[in-house]
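A short worksheet on the structure shown next.
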Amino acid sequence: MQDRTYTADAEPGQHATVAGWVHELRDLGGIAFLIVRDTTGKIQVKLEKDEMDDELVETGLDAARESVVTVVGDVEEEPRAPTGVEVVPESIEVVAEAETQLPLDPSGKVGAELSTRLDNRTLDLRRGEGQAIFEIRSEVLRAVREEFRAFHATEINTPKIVATGTEGGTELFPITYFGEEAFMNQSPQLFKQLMVGSNLERVFEIGPIFRAEEHNTPRHLNEATSIDFESAFFDHTEAMDVCEAIVKAAYEAVEQNCADQLETLGLAEEFEAPSGEFPRLSYEEAIERINATGELDEQLVWGDDLPTEGEHALGQDVGEHYFITDWPSEIKPFYIKDHDDDETLSTGFDMMHPRMELVSGGQREHRYDRLIEGFEQQGLDPEAFDYYTKMFKYGMPPHAGWGLGGERLIMTMLGLDNIREAVLFPRDRQRLSP
Ligand code: ATP
Ligand code: MG
């Protein structure tokens with residue numbers, strides 16, 4: 001619609017065509033107000049029953065809530081209207097009628113279960129809060145891309161249908177590929193590593209990862225968006241620097257460019273981009289601090305993975321984003337390099353929000369013989385990963401990188417209770433459609 005005016009742009013003196021959904025009808029007797037909503041906001045349309053054309057008034061009064069309408073008329077100043085202006089209509093057309101029984105109330109006055117909302121996402125996202133989350137998500141991805149480019153990283157797209165997974169079979173979704181077994185990729189790990197050995201050197205990818213994890217938690221999805229980074233000639237500390245910069249860039253962009261959305265979400269006051277350096281705790285310090293909180297029934301010992309309650313206790317204690325570094329080698333993946341001076345210590349790191357893990361990364365093992373040993377120790381057949389390992393024979397530089405869960409970033413940034421709020425159409429144990 002070339003001549004359409006967004007409700008937010010309507011100004012007194014304009015002759016305008018506004019298009020959107022019937023948000024509400026306020027009938028005061030001799031006068032009624034049709035509130036029309038579009039992506040930018042709402043506008044009042046005045047219906048004067050005695051003065052205006054009967055058919056026009058009738059169309060306005062009869063339009064069911066959530067029907068799509070176009071209204072043509074003069075925009076006039078009206079201090080009593082919610083936005084200070086109103087449309088005095090000369091025509092109202094119902095372009096697409098909505099049934100009167102709706103599965104949920106898009107005005108949000110009547111609450112709905114998350115499952116009902118996800119089943120009716122179109123209607124659900126007519127609510128301002130939902131719209132705000134996805135506009136912020138879009139801004140985060142824009143800012144992240146821009147920041148990666150400032151680091152001279154090249155955006156890549158790697159295959160999601162693969163012959164073998166990164167970490168073995170259990171978390172993989174099998175599919176049939178022309179009669180052969182294949183899998184949905186659980187991480188771009190191997191492919192992004194292959195690219196740091198090319199002249200691209202430094203790469204990033206924003207794309208789906210598929211995890212056949214059976215558990216059903218508020219922070220796990222079976223299809224998630226991973227923000228991945230990998231760079232040649234980087235060690236784990238340099239990878240952490242970029243990780244921190246990317247997360248800060250995302251927060252700063254939202255702070256600067258999403259004031260309206262934050263307001264809608266009730267976060268205008270409390271939203272704060274992290275400013276100081278993220279503390280870097282060693283795994284050893286982390287377990288000591290967790291033990292000192294007294295929150296766990298059993299004390300953690302060296303080599304234990306951090307239980308969820310431990311992560312929470314530590315997160316509360318630290319109170320901001322932080323890294324956990326120098327993990328025991330045995331609990332980090334085999335493709336992560338150990339420290340040269342202590343083979344029991346891994347260069348792997350996690351970046352944490354006080355509520356949960358956001359990132360895992362590390363320096364990678366780039367020495368061919370060590371890599372093959374790693375596969376064998378993991379019980380994986382190196383032959384099956386030949387496409388990957390053989391490139392390590394042709395000049396693979398030292399390199400490091402990480403993967404950041406996109407939905408977890410949004411979830412923690414906006415204080416959402418459930419990760420599903422940050423995905424349009426989540427995939428989980430119960431949900432394969434829509
Ligand atoms: P967790 O232990 O929290 O399940 P993970 O260590 O298995 O996560 P990684 O393989 O390290 O996950 O993946 C890197 C990042 O990708 C995670 O830190 C997280 O932000 C995100 N991520 C991984 N799995 C999921 C998932 N199932 N749903 C949503 N995000 C995920
Ligand atoms: Mg991890």
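Among residues that are assigned to a helix (DSSP H, G or I) and either within 16 Å of ligand 2 (Cβ to nearest atom) or over 28 Å from Ala245 (Cβ atoms) (or both), Glu343 is not included.
Does any residue of segment 231-254 turn out to be assigned by TED's automatic domain parsing to the domain that holds Asn199 and in a strand (DSSP E or B)? Yes; the residues of segment 231-254 include at least one that is assigned by TED's automatic domain parsing to the domain that holds Asn199 and in a strand (DSSP E or B).
Checked against (1) touching a residue at least 24 places away in the same chain (Cβ under 8 Å); (2) crowded, with 18+ Cβ neighbours inside 10 Å; (3) over 24 Å from Ala8 (Cα atoms), Gly60 passes all but a single condition, namely (3).
Residue count for segment 160-185 satisfying the condition of being assigned to a loop (DSSP other than H, G, I, E, B), open to solvent by 60 Å² or more (accessible area, probe 1.4 Å) and modelled with pLDDT of 95 or more: 2. Being open to solvent by less than 30 Å² (accessible area, probe 1.4 Å) and either in contact with a Leu (Cβ under 9 Å, 6 or more places away or on another chain) or in a loop (DSSP other than H, G, I, E, B) (or both) is a property that holds for Ala132. When we screen Pro218, Pro208 for residues that are under 22 Å from Ile246 (Cβ atoms), modelled with pLDDT of 95 or more and more than 9 Å from ligand 1 (Cβ to nearest atom), the only hit is Pro208. For the subset of segment 331-365 comprising residues that are farther than 30 Å from Gly319 by Cα and open to solvent by less than 40 Å² (accessible area, probe 1.4 Å), which member is farthest from ligand 1 (Cβ to nearest atom)? Selected residue: Glu365. Taking the criterion of being within 16 Å of ligand 2 (Cβ to nearest atom) and among the small types (Gly, Ala, Ser), the only residue of segment 177-200 that qualifies is Ser187.
Being on the phi > 0 side of the Ramachandran plot and touching a residue at least 40 places away in the same chain (Cβ under 8 Å) narrows it down to one of Phe278, Phe233, so name that one. Let's see the steps before the verdict.
Values: Phe278 fails: on the phi > 0 side of the Ramachandran plot.
Sole residue among the options that is on the phi > 0 side of the Ramachandran plot and touching a residue at least 40 places away in the same chain (Cβ under 8 Å): Phe233.
Kindly list the number of the only condition in (1) in contact with a strand residue (DSSP E or B) (Cβ under 6 Å, 6 or more places away or on another chain); (2) open to solvent by less than 20 Å² (accessible area, probe 1.4 Å); (3) part of a strand (DSSP E or B); (4) not basic (Lys, Arg) that fails for Pro208. Here Pro208 clears every test but (2).
For Arg127, the conditions (1) at pLDDT 95 or above; (2) within 20 Å of the chain's Cα centre (by Cα) all hold with the exception of (1).
Quick one: which of Met52, Met1 is in a loop (DSSP other than H, G, I, E, B), farther than 28 Å from Thr122 by Cα and in contact with a strand residue (DSSP E or B) (Cβ under 8 Å, 6 or more places away or on another chain)? Give the derivation first.
Numbers: Met1 fails: farther than 28 Å from Thr122 by Cα.
Exactly one of Met52, Met1 is in a loop (DSSP other than H, G, I, E, B), farther than 28 Å from Thr122 by Cα and in contact with a strand residue (DSSP E or B) (Cβ under 8 Å, 6 or more places away or on another chain), namely Met52.
Residue-wise test of (1) within 36 Å of the chain's Cα centre (by Cα); (2) closer than 14 Å to Ile35 by Cα; (3) open to solvent by less than 80 Å² (accessible area, probe 1.4 Å).
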position: Ser67; (1), (2), (3): yes, yes, yes
position: Glu77; (1), (2), (3): no, no, no
position: Gly84; (1), (2), (3): yes, yes, yes
position: Val88; (1), (2), (3): no, yes, yes
position: Pro103; (1), (2), (3): yes, no, yes
position: Lys109; (1), (2), (3): yes, no, no
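Could you tell me whether Ala98 is surrounded by 16 or more Cβ atoms within 10 Å (Cβ to Cβ) and assigned to a strand (DSSP E or B)? Write out each step before concluding.
Details: surrounded by 16 or more Cβ atoms within 10 Å (Cβ to Cβ): yes; assigned to a strand (DSSP E or B): no.
Considered against the rule, which asks whether it is surrounded by 16 or more Cβ atoms within 10 Å (Cβ to Cβ) and assigned to a strand (DSSP E or B), Ala98 comes out as no.
Met240 meets each of the listed conditions (1) under 18 Å from the mean Cα position of the chain (by Cα); (2) within 16 Å of ligand 2 (Cβ to nearest atom); (3) hydrophobic (A, V, I, L, M, F, W, C) apart from (1). Screening Thr154 with (1) hydroxyl-bearing (Ser, Thr, Tyr); (2) in contact with a strand residue (DSSP E or B) (Cβ under 9 Å, 6 or more places away or on another chain); (3) loosely packed, with under 15 Cβ neighbours inside 10 Å gives one miss only, at (3).
Test Gly315 against the stated conditions and say whether it is in a helix (DSSP H, G or I) and under 24 Å from the mean Cα position of the chain (by Cα). Here the answer is yes, as Gly315 does meet what is asked.
I'm checking my understanding of the structure. Among residues of segment 375-409 that are of a type in the set (Gly, Ala, Ser) and modelled with pLDDT under 95, which one is surrounded by the fewest Cβ atoms within 10 Å (Cβ to Cβ)?
Gly379
The values are calculated or read from the model by the stated rules, or taken from the named source; none is laboratory data. Small disclaimer: the values here were computed from a predicted structure and weren't measured. Cβ coordinates were reconstructed from backbone atoms using ideal geometry, including for glycine residues, and neighbour counts include every protein chain displayed. We work out accessible area using only protein heavy atoms, side chains counted, and drop any ligands, DNA or RNA first. Shrake-Rupley method; radii C 1.70, N 1.55, O 1.52, S 1.80 Å.
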